[in-house]
Amino acid sequence: RLNLRVAKLFASKAAFSQAAELLRAGVACLAKDTAWENYQFCLELFNHLVEMEYSLGNYDLAEAAIAEILENATSLQDKFTAHFTLVKSLGEKGSRNYALAAEKALEISKEYGQEFPLAPSKSDLLRERIGLQTKLRNRPLVTLATFPVMQDDSLTKIFDLLCTHADFTQNERLSTMVSLRAMRLSCSKGISKRFPQFAMNLGVPLRRKGKFKKAYIYANLATTLMHRFEEEKGAEYAKTLFRLHASILQLRQPFEDSLEAFLESQRISFSFGWGEFGMSSAMVYCLCYIVVGFPLSSMLEQTLILYEDKSQEFNQPGFKMIFQFLRQFLLNLRGKSNNPTVMKGQAFDEEKTISMLEGNCKAMTLRDVSIFRLQLAYIFDDPFTMEEMLERLAPLPMFDRLIVREHLRLSFVGLAALALGRLRKNKAHLKLGLKITKHFHKLDRIGSVNAHPIYLCLKAACSPNKTTYDEAIMACSKSNLTHFEAMMSERCGVFFKDRQEFMERYLSRSLWLYHDWGAIAKVDQLKERYSFLRALVRPPHSLPSTLCPTFYRETARAVL
C-alpha cells in the first residue's frame with residue numbers, strides 16, 4: 001500500500017520510471033493465490049502499473065499486467081483501463097499493427113453495446129447521418145457545444161481510440177461512422193472533451209477530397225467544442241490542439257504560427273506521461289521548423305539530440321530514428337558527411353537502420369527518409385538520387401493527414417519531377433509535376449499562405465523564364481522561405497548560363513541565401529562549380545537577419 005501511495009506521488013511529478021519500479025515491487029509482494037481477495041486494492045495497483053509501463057513504452061510488461069486485470073476483474077467498468085491500454089499498446093509496439101488494434105477496439109465497443117462493421121458501406125454511413133439529423137431535430141452541429149457534460153465518458157474514449165486506428169489503416173468510413181454515432185449518442189448522454197476529435201474525424205476526409213472550405217467548418221466546430229473544456233488542459237486538450245493545427249488549420253495559416261501550439265501539445269503530453277503523442281508533437285514541430293526555412297544551426301542539432309534522449313526515455317525507438325535522420329539531414333547540409341544525398345553518417349545510417357525494421361514501422365521510416373533524401377537530391381542537383389526517391393515515393397497517395405509532411409513531400413516531388421522531366425524529356429515526370437502544381441494552385445486559391453510561394457516555384461519550374469523565377473523568388477522572400485529563395489535563385493542563375501551578368505547576379509544571391517540558411521555544403525558546391533563565386537565579397541546591405549530567436553530556448557524548455 002505504501003508503494004502505491006508513493007508511486008502516485010512520483011507519477012504526479014512525471015517521474016514515471018520511479019513510479020513503475022515501486023509498483024512492480026508492490027506487485028511482487030502480493031501472494032499469488034490470495035492477492036485478489038483484496039479486490040479494490042489489487043485493481044488499483046495493477047491499473048496504475050499498466051499506465052506506468054505503457055507510458056514508458058514497456059508494452060510487454062504492460063500487457064502482462066493487463067492480462068492479470070482481465071482475468072480477475074468482475075465488471076466491464078473495472079476492465080476499462082486494461083481494455084483501453086491494450087488497444088493503444090497493440091497499435092504502438094513493434095511493427096505497429098494498427099489493423100489488429102482497430103479490430104480489438106471493435107470487439108470492446110461491442111461489449112459496450114455499440115457494434116460497427118469493419119468495412120462500413122455507404123448505406124451504413126447514410127443511416128448514421130440520418131440518425132444524427134433526427135436526434136438533432138435539424139439543428140446545426142454547433143449545437144453540440146451547448147449540451148451538458150457526459151457523466152461517464154468511457155465509451156467515447158473507446159470510440160476515439162477506434163477512430164485513431166481506423167485512420168491509420170486508411171479505413172475512413174469506419175472513422176466517420178464511429179464519429180457520427182458518438183455525436184448521435186451525445187444528444188441523450190451529453191458531450192465529453194473527446195468530441196473535438198470526432199468533429200476533426202468528419203473534417204479531415206473532406207480535406208482529402210479537396211473540399212477545403214467544408215473541412216474548415218468542422219475545424220471551427222472542433223475549436224468551439226475545445227473551448228468548452230479549455231480549463232481542463234489535459235491530454236485530450238493536447239491531442240485536439242495538435243490535430244487541429246496538423247490536419248486542417250495549416251491549410252490557411254502559416255506553418256510558423258503553429259509552432260507554439262505544437263510546443264504546448266508536447267509539453268502537456270510529456271507531463272501526463274503520454275510519450276508517444278508527445279513525440280508526435282515534437283516531430284511535427286521540427287518538420288515545421290525545417291519547412292519554414294529557419295537557420296540550420298548547431299543549436300538545432302542539440303535540440304534534436306534532446307528529442308532523441310526523450311524518445312529513449314519513453315522507449316519510442318521509431319521516433320528516435322526520426323530525430324536521428326533529421327539530424328543527419330542537418331549534418332549533410334552543413335557539410336559534415338561524405339555524400340550529402342546519402343543518409344549515412346554519425347547520426348544515422350539508412351541501410352543499417354531499415355534492415356532492422358519490419359511492417360508499418362519500416363514503411364513509415366522509409367517514407368520519411370525518402371522525403372528528406374529527395375530534398376537533398378534536389379538541393380545538390382543529383383538526378384540519380386532524385387529518380388530513386390521519386391520511385392520510392394510513387395506509391396504514396398497525394399493526401400497525408402499531416403499537412404506539413406504532405407506539403408514537404410509534394411513540394412519536392414513536384415520540383416524534382418519537373419526538373420527530371422525537362423532534363424530527360426520524361427512525360428510521366430512532367431505529368432506528375434503538373435498534377436502537383438495544380439494541387440498547390442487550388443490551395444493558393446483558397447488563401448493558403450503556405451501554398452502560394454510553392455505554387456510560384458512550381459510554376460517557374462514548369463515555364464522557366466525571368467518573370468516566373470522573379471515572381472517565385474519575391475514570394476519566397478516575402479514569406480521568409482530562405483531555402484526556397486536560394487533554390488529558385490540558383491535555378492534561375494543556371495537558366496541564364498549563356499548570359500554571364502544574369503547568371504552571376506542570381507548565383508551570387510543564391511550563395512548568400514544558402515549561407516544564411518546554414519547549408520555550408522551547398523555553398524562549397526556552388527564555389528566549386530562556379531569559380532567567380534570563390535572570391536565573392538558580400539554586400540553590406542545583404543547581411544542576414546535573425547530568425548525565430550525564441551525557438552531553441554522554448555524547445556529546450558519543453559523537452560527538459
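Filtered by the rule that a residue be of a type outside the set (Val, Ile, Thr), farther than 16 Å from Ala451 by Cβ and within 29 Å of the chain's Cα centre (by Cα), segment 465-484 gives Ser477, His483. For segment 269-276, the condition holds for no residue, the condition being that it is at pLDDT 90 or above, small (Gly, Ala, Ser), in a helix (DSSP H, G or I) and open to solvent by 10 Å² or more (accessible area, probe 1.4 Å). Of the residues making up segment 387-416, those that are over 28 Å from Glu256 (Cα atoms) and more than 21 Å from the chain's Cα centre (by Cα) number 3. For segment 123-140, the criterion of being in contact with a strand residue (DSSP E or B) (Cβ under 9 Å, 6 or more places away or on another chain) and open to solvent by less than 20 Å² (accessible area, probe 1.4 Å) is met by no residue. When you scan segment 190-206, how many residues do you find that are open to solvent by less than 10 Å² (accessible area, probe 1.4 Å) and more than 25 Å from Glu231 (Cα to Cα)? Final tally of qualifying residues: 1.
On inspection, Ala363 fails the criterion of being more than 26 Å from Gly57 (Cα to Cα) and not in a loop (DSSP other than H, G, I, E, B). Applying the criterion of being part of a helix (DSSP H, G or I) and either small (Gly, Ala, Ser) or in contact (Cβ under 8 Å) with a residue 40 or more places away in the chain (or both) to the residues of segment 391-408, the residue that is nearest to Phe484 (Cα to Cα) is Leu408. Using the structure shown, decide if Thr240 is over 16 Å from the mean Cα position of the chain (by Cα) and modelled with pLDDT under 95. The answer is no for Thr240. Being out of contact with any Leu (no Cβ under 9 Å at 6 or more places or on another chain) and surrounded by 13 or more Cβ atoms within 10 Å (Cβ to Cβ) is the filter here; which residues of segment 424-437 pass it? Hit for segment 424-437 is Lys435, nothing else. Among the residues of segment 303-346, which ones are in a loop (DSSP other than H, G, I, E, B), open to solvent by less than 10 Å² (accessible area, probe 1.4 Å) and touching a residue at least 40 places away in the same chain (Cβ under 8 Å)? Across segment 303-346, the qualifying residues are Phe314, Gln316, Thr341. Report yes if Met386 is open to solvent by less than 10 Å² (accessible area, probe 1.4 Å) and on the phi < 0 side of the Ramachandran plot, otherwise no. When the stated conditions are applied, Met386 passes them.
Yes/no per residue for (1) open to solvent by 70 Å² or more (accessible area, probe 1.4 Å); (2) outside any helix (DSSP H, G or I); (3) touching a His at 6+ places or on another chain (Cβ under 9 Å); (4) of a type in the set (S, T, N, Q):
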site	(1), (2), (3), (4)
Phe159	no, no, no, no
Gln170	yes, yes, no, yes
Leu185	no, no, no, no
Ser188	yes, no, no, yes
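Sort out which residues of segment 104-121 are assigned to a helix (DSSP H, G or I) and under 29 Å from the mean Cα position of the chain (by Cα), and write them in order of number.
In the first step, residues of segment 104-121 are kept if they are assigned to a helix (DSSP H, G or I); the result is 104-111.
Result: Lys104, Ala105, Leu106, Glu107, Ile108, Ser109.
Could you say whether any residue in segment 107-115 is open to solvent by 40 Å² or more (accessible area, probe 1.4 Å) and of a type in the set (A, V, I, L, M, F, W, C)? Quick ask: steps written out before the conclusion?
So the first thing to find is which residues in segment 107-115 are open to solvent by 40 Å² or more (accessible area, probe 1.4 Å), and the list is 107, 110-113, 115.
Within this subset, residues satisfying the condition of being of a type in the set (A, V, I, L, M, F, W, C) are none.
There is no residue in segment 107-115 that is open to solvent by 40 Å² or more (accessible area, probe 1.4 Å) and of a type in the set (A, V, I, L, M, F, W, C).
The values are calculated or read from the model by the stated rules, or taken from the named source; none is laboratory data. These numbers come from a predicted model, not from an experiment. With ideal geometry, Cβ positions are generated from the backbone for all residues, glycine too; neighbour counts draw on all protein chains shown. Surface accessibility is based on the protein's heavy atoms, side chains included, excluding ligands, DNA and RNA. Shrake-Rupley method; radii C 1.70, N 1.55, O 1.52, S 1.80 Å.
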